[in-house]
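The values are calculated or read from the model by the stated rules, or taken from the named source; none is laboratory data. Owing to the predicted nature of the structure, the values given are computational and were not obtained by experimental measurement. Neighbour counts are summed over all protein chains in view; Cβ atoms, including those assigned to glycine, are modelled from backbone coordinates with ideal geometry.
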Amino acid sequence: MKSVWNKILKVDLTNGTCGPEDLSDEVYEKFLGGAGMTAYMLWRESPRGTTTFDPANRLTFAPGPMQGIKQTGAAKWTAGAISPSFHLNADSAATASFGIEIKEAGYDAIVVHGRSDRPVYVVVDDDKVEIKDANDIWGKNAYEAEDGIKEAEGDKFECVTIGQAGERLVRYANIQTRKKSFLGRCGLGAVMGSKLLKGIAVRGSQSVSVHDPQEIDRINKQINKRLIEMDNEKEDWLQIKRVGTAMATELFAPQGNLPIKNYRLADFPPGVKTHHASNYVKELNAKPWPCQYCVIQCHNLCEIKEGPYAYKGKGPEYESFAMVGFNTMVDDVKAVAYACELANLYSLDTISLGVVIAWAMESYEKGVITKDDTYGLDLTWGNAEAMVEMVRKIGLRADGLGYLLGEGCKIASERLGMGSEDWAVQMKGQEIAAHNWRAQYISALNYCTGVASGPNHERGNSQHIWVGHIKLPEWGIDEVENEERWSWENAADRNAKFHDYCNVINSACHCKFMEFRGYTLTDLCNTINAATGMGWSLEDLRLCGDRITQLQKLLNIRYGWKKADDFNFPKRFMEPVDSGPAANRVPVGLEDAIMDYYRERGWDEEGKPTMAKLKEVGLEDFAE
C-alpha cells in the first residue's frame, strides 16, 4: 500500500525510551489512519480498566494517507485517547502543519504512553528521537512553550504544546499547534499534562511515495480551482476566505440554531449584530491565515490594537464566539475574541468553557452561587469583564469556583447540587456545542448516539444537512426539505451516514470545511485511491467508516458505556423557546429515534454491535 510508511513511533515516558514499530498493510486497509489509527491503538494497547490519567492511556497523534499530497484541506490530522471529560475513547482534529511534519519524518503516528517523573518534551528529527527536560517551560502558557521549544530546537520544527490548564488537568484542556489550531474537544491536553508531557516537536525531510502522482496532481488542480470558484460566487459575508467561520451567524440566526443564554432564548439581536461577520472583520481587523496548501483559508489572524482587550493572534471560530459570546450574552466582540485567545494560551476548549461559564451565570442568577463564590465578580449575563476574569480563574485553576468549573459542568453541578444539574447542558460529562437541537432534531440524536468523541458536533455533523447545506448524494442523502429538520423520518439513516462520513474523513485526515465549498465523497474516494492504490468504490468508503464507528463503539463498551448513558440527555433538550423559527420545537420522540439508530447500526436492543454486524465489517476478532 502506498502513501503510508507502515511505521509508527512509540514513546514510553515511564522508561524514557522511544523507537519505531512496523505495522502491516491490513491496519491501514481497515482503519486508514487518523481517527481510525487512534481507535486501533486504544483497542490494541489500553485494555479494559484503563482510565484517563492511567499511564496505560495511549495518546496517539496520527496523520493519514492524504498528508503530504498538497491538496487543499490535507493539512488536517488527528489525536486521540481516553477522554478526561467522559472517560470513553475520544479523538479530536487540528490542522496547520504538524501532521504533515509527522509524515515527512517517516511515521504514520506518534503513540505516547507512560508517565514521566519530571516535565519533558519530545523531539522527533527524522529518525532521531529524544526526550528532553521541560522544567524551563513548565508553568508557561501554550504559546510560550512553543516559543521555548523552537528557541532550543530551531524554527523549522512543528510543535504541539499545552498551557497551564493542561498541566493542571482541566478536564476540557486542549492542545495547540502554531498558535492557530487546536485539538479542542475531549480534554486531550489534560492527558498530556497527566503524563508531564509539555510538548512534541517534529521535523521531517522525507517524501512518502504515492500510487499515482500524475493523478494526484490532476485531482488537486481540479479540486482547488472548483473550491476557489465556489467561494468567490458567495455573497461577501458568506465567503470563507473573507470571513472564515464567522459566516455562520448569518446562516444560523434565521434558523434558530444559536446557543443563547445557556440555550434558554431564541434570539439575541445585539449579539447577532456584533458577532455578524461584517462586524467581526471590522472590529477584529481579521485577515486570512491559511493552513499549508489550503485555498479556502478559513483561519483568521486578528488584531485589536488598543484597549483592555488588545491582542494579535487567532480569531475565534464560530463555535468559540458562539459559546463564549452568545451563550453568555456578551455582545462585545472584542471581549469575546480576547477571552478566546486567553483560553488558547491556557489551553482551554472554548466550547466547554462557554458552557461552564453560562452554567455558572445561571447558577448566579438563581442564587445557587453568590459573590462570595465568584471572587466578588458580578457574574451576570452579558458582563464582559466578569466573563474574561472567569476565563483566567479557570485557566489557572484558582481555588474555589475556578477549580470547580475546570471539572466541567457535570461534576460541578453534582458537587454544587441545589437543582443546578437541571441547567448543566452536557451529556456523559462533555458540554454540548453551538448547534441548537430545537433547530434540527437530528442534532439531539447525534449528541445522544455519537461514539467517536462523546456528544460532538463534528464527529457526526448531520446538522449540516440544513445549517450548512451539506449533502452526501453518493450515499443517498441529496435534496432535503427544510421542514424535515423537525421530523424523525430518515433521521437514523442520515445520522449513521454522517457518523461514518466523519470517521472516514477524519481517518483519511482531510478538512471538512472543504465540503462547504463543494468537495465531495467522490473527490475523497478518488484521492485516497490515487494516493494509496487501494481501488476503493464508494461502497468500500462507507464500509470503512462503518468499521471505524463499530470499533469506537466496542471501545465505549470496554471503558464503561451503558445504554442508559445515551438516554440521559440534558433536561434543557425538552424545554422549548417561545419565539423565533424554532419556537415550541423540542425533540419529542428522541428515545424512539435512539432505538431506531441502534437498529440502523446493526446493534442489539442494548445498543451493542451484534456478531453478525462485526463479521460484516471485518471486526469479529475485535469483540471482547
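Under 8 Å by Cβ, and 6 or more places apart or on different chains, what pairs join a residue from the stretch 29-40 that is acidic (Asp, Glu) with one that is part of a loop (DSSP other than H, G, I, E, B) and surrounded by fewer than 24 Cβ atoms within 10 Å (Cβ to Cβ)?
Note: pairs meeting the criteria are Glu29/Met1; Glu29/Met534.
If a residue has to be of a type in the set (A, V, I, L, M, F, W, C) and either free of Cβ contacts under 8 Å to residues at least 40 places away in the same chain or within 17 Å of Glu146 (Cα to Cα) (or both) to count, how many in the stretch 102-131 make the cut?
Number satisfying all stated conditions: 6.
Can you report the number of residues in the stretch 365-387 which are over 25 Å from Glu341 (Cα atoms) and buried (at least 20 other Cβ atoms within 10 Å of the Cβ)?
Here the count works out to 1.
Somewhere in the stretch 120-140, is a residue modelled with pLDDT of 95 or more, in contact with a Leu (Cβ under 9 Å, 6 or more places away or on another chain), more than 20 Å from Lys10 (Cα to Cα) and not basic (Lys, Arg)?
There is at least one residue in the stretch 120-140 that is modelled with pLDDT of 95 or more, in contact with a Leu (Cβ under 9 Å, 6 or more places away or on another chain), more than 20 Å from Lys10 (Cα to Cα) and not basic (Lys, Arg).
What are the residues in the stretch 411-441 that are surrounded by 21 or more Cβ atoms within 10 Å (Cβ to Cβ) and over 19 Å from the mean Cα position of the chain (by Cα), if any?
Passing the criteria: Ala412, Ser413, Trp423, Ala424, Arg438, Ala439, Gln440, Tyr441.
Given the criterion in contact with a Leu (Cβ under 8 Å, 6 or more places away or on another chain) and either farther than 16 Å from Pro63 by Cα or outside the structural domain of Leu342 (by TED's automatic domain parsing) (or both), identify the matching residue among Arg178, Arg168, Arg185.
On the way: Arg178 fails: in contact with a Leu (Cβ under 8 Å, 6 or more places away or on another chain); Arg185 fails: in contact with a Leu (Cβ under 8 Å, 6 or more places away or on another chain).
Among Arg178, Arg168, Arg185, only Arg168 is in contact with a Leu (Cβ under 8 Å, 6 or more places away or on another chain) and either farther than 16 Å from Pro63 by Cα or outside the structural domain of Leu342 (by TED's automatic domain parsing) (or both).
Answer with yes or no whether Ala583 is part of a helix (DSSP H, G or I), hydrophobic (A, V, I, L, M, F, W, C) and either at pLDDT 95 or above or under 23 Å from the mean Cα position of the chain (by Cα) (or both). Break it down into steps so the answer makes sense when it comes.
Working: part of a helix (DSSP H, G or I): no; hydrophobic (A, V, I, L, M, F, W, C): yes; either at pLDDT 95 or above or under 23 Å from the mean Cα position of the chain (by Cα) (or both): yes.
So Ala583 fails the test.
Using the structure shown, decide if Glu362 is among the acidic types (Asp, Glu), modelled with pLDDT of 95 or more, crowded, with 20+ Cβ neighbours inside 10 Å and farther than 29 Å from His299 by Cα.
yes
Tell me, which residue of the stretch 319-343 that is outside any helix (DSSP H, G or I) and out of contact with any Pro (no Cβ under 6 Å at 6 or more places or on another chain) is surrounded by the most Cβ atoms within 10 Å (Cβ to Cβ)?
Initial filter on the stretch 319-343 (outside any helix (DSSP H, G or I)): 325, 329-332.
Retained after the next criterion (residues that are out of contact with any Pro (no Cβ under 6 Å at 6 or more places or on another chain)): 325, 329-330, 332.
Details: Gly325: 32, Met329: 22, Val330: 28, Asp332: 21.
Top of the filtered list is Gly325.
A quick yes/no check of all residues on (1) outside the structural domain of Lys261 (by TED's automatic domain parsing); (2) closer than 22 Å to Asp378 by Cβ; (3) surrounded by fewer than 24 Cβ atoms within 10 Å (Cβ to Cβ):
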position: Arg392; (1), (2), (3): no, yes, yes
position: Leu396; (1), (2), (3): no, yes, yes
position: Gly450; (1), (2), (3): yes, no, no
position: Glu458; (1), (2), (3): yes, no, yes
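State all residues of the stretch 264-282 that are modelled with pLDDT of 95 or more and not in a helix (DSSP H, G or I); if no residue qualifies, say none.
Arg264, Leu265, Phe268, His275, His276
Any idea how many residues of the stretch 283-307 are without any contact (Cβ under 8 Å) to a residue 24 or more places away in the chain and assigned to a loop (DSSP other than H, G, I, E, B)?
4
Would you mention how many residues in the stretch 404-415 are touching a residue at least 12 places away in the same chain (Cβ under 8 Å) and touching a helix residue (DSSP H, G or I) at 6+ places or on another chain (Cβ under 7 Å)?
Looking only at that region, the number is 7.
Could you tell me how many of the residues in the stretch 200-217 are over 17 Å from Gly535 (Cβ atoms) and without any contact (Cβ under 8 Å) to a residue 24 or more places away in the chain?
The qualifying residues number 1.
Hey, among Ser83, Ser46, Ser97, Ser24, which residue is buried (at least 24 other Cβ atoms within 10 Å of the Cβ) and among the hydroxyl-bearing types (Ser, Thr, Tyr)?
The conditions single out Ser83.
Please specify each residue of the stretch 211-263 satisfying the condition of being among the aromatic types (Phe, Trp, Tyr), more than 17 Å from Asn279 (Cβ to Cβ) and outside any loop (DSSP other than H, G, I, E, B).
Scanning the stretch 211-263 gives no hits.
Can you find even one residue in the stretch 586-593 that is assigned to a helix (DSSP H, G or I), surrounded by 15 or more Cβ atoms within 10 Å (Cβ to Cβ), of a type in the set (A, V, I, L, M) and touching a residue at least 60 places away in the same chain (Cβ under 8 Å)? Even if it seems obvious, please write down each step before you answer.
Initially, the stretch 586-593 is screened for residues assigned to a helix (DSSP H, G or I), giving 590-593.
In the following step, the residues that additionally are surrounded by 15 or more Cβ atoms within 10 Å (Cβ to Cβ) were identified as 590, 593.
Remaining after also requiring of a type in the set (A, V, I, L, M): 590, 593.
Cutting the leftovers down to touching a residue at least 60 places away in the same chain (Cβ under 8 Å) gives us 590, 593.
Among the residues of the stretch 586-593, at least one is assigned to a helix (DSSP H, G or I), surrounded by 15 or more Cβ atoms within 10 Å (Cβ to Cβ), of a type in the set (A, V, I, L, M) and touching a residue at least 60 places away in the same chain (Cβ under 8 Å), which makes the answer yes.
Looking at Ser507, is it in contact with a Phe, Trp or Tyr (Cβ under 7 Å, 6 or more places away or on another chain) and not β-branched (Val, Ile, Thr)?
Judged against the criteria, Ser507 is a match.
Give me the residue from the stretch 274-302 that is of a type in the set (Val, Ile, Thr) and under 17 Å from Asn224 (Cα atoms) and, out of that set, surrounded by the most Cβ atoms within 10 Å (Cβ to Cβ).
For the stretch 274-302, the residue satisfying everything is Ile296.
Identify all residues within the stretch 561-580 that are in a loop (DSSP other than H, G, I, E, B) and either over 26 Å from the mean Cα position of the chain (by Cα) or within 20 Å of Asp267 (Cβ to Cβ) (or both); write none if there are none.
The answer is Glu575, Pro576, Val577, Asp578, Ser579, Gly580.
Thr350 fails exactly one of the following numbered conditions: (1) within 23 Å of Val586 (Cα to Cα); (2) in contact with a helix residue (DSSP H, G or I) (Cβ under 6 Å, 6 or more places away or on another chain); (3) assigned by TED's automatic domain parsing to the domain that holds Val333. What is the number of that condition?
Unmet for Thr350, out of (1) within 23 Å of Val586 (Cα to Cα); (2) in contact with a helix residue (DSSP H, G or I) (Cβ under 6 Å, 6 or more places away or on another chain); (3) assigned by TED's automatic domain parsing to the domain that holds Val333: (1).
Quick one: which residue in Gly406, Gly325, Gly419, Gly382 is small (Gly, Ala, Ser), at pLDDT 95 or above and in contact with a His (Cβ under 7 Å, 6 or more places away or on another chain)? Reasoning before the result, please.
Working: Gly406 fails: in contact with a His (Cβ under 7 Å, 6 or more places away or on another chain); Gly419 fails: in contact with a His (Cβ under 7 Å, 6 or more places away or on another chain); Gly382 fails: in contact with a His (Cβ under 7 Å, 6 or more places away or on another chain).
It is Gly325.
I'd like the residue in the stretch 92-106 that is of a type in the set (Gly, Ala, Ser) and in contact with a Gly (Cβ under 7 Å, 6 or more places away or on another chain) and, out of all such residues, is nearest to Met37 (Cα to Cα).
Per the stated criteria, the residue is Ser92.
Exactly one condition in (1) among the basic types (Lys, Arg); (2) without any contact (Cβ under 8 Å) to a residue 24 or more places away in the chain; (3) in a helix (DSSP H, G or I) is false for Lys371; which is it?
Answer for Lys371: the failing condition is (3).
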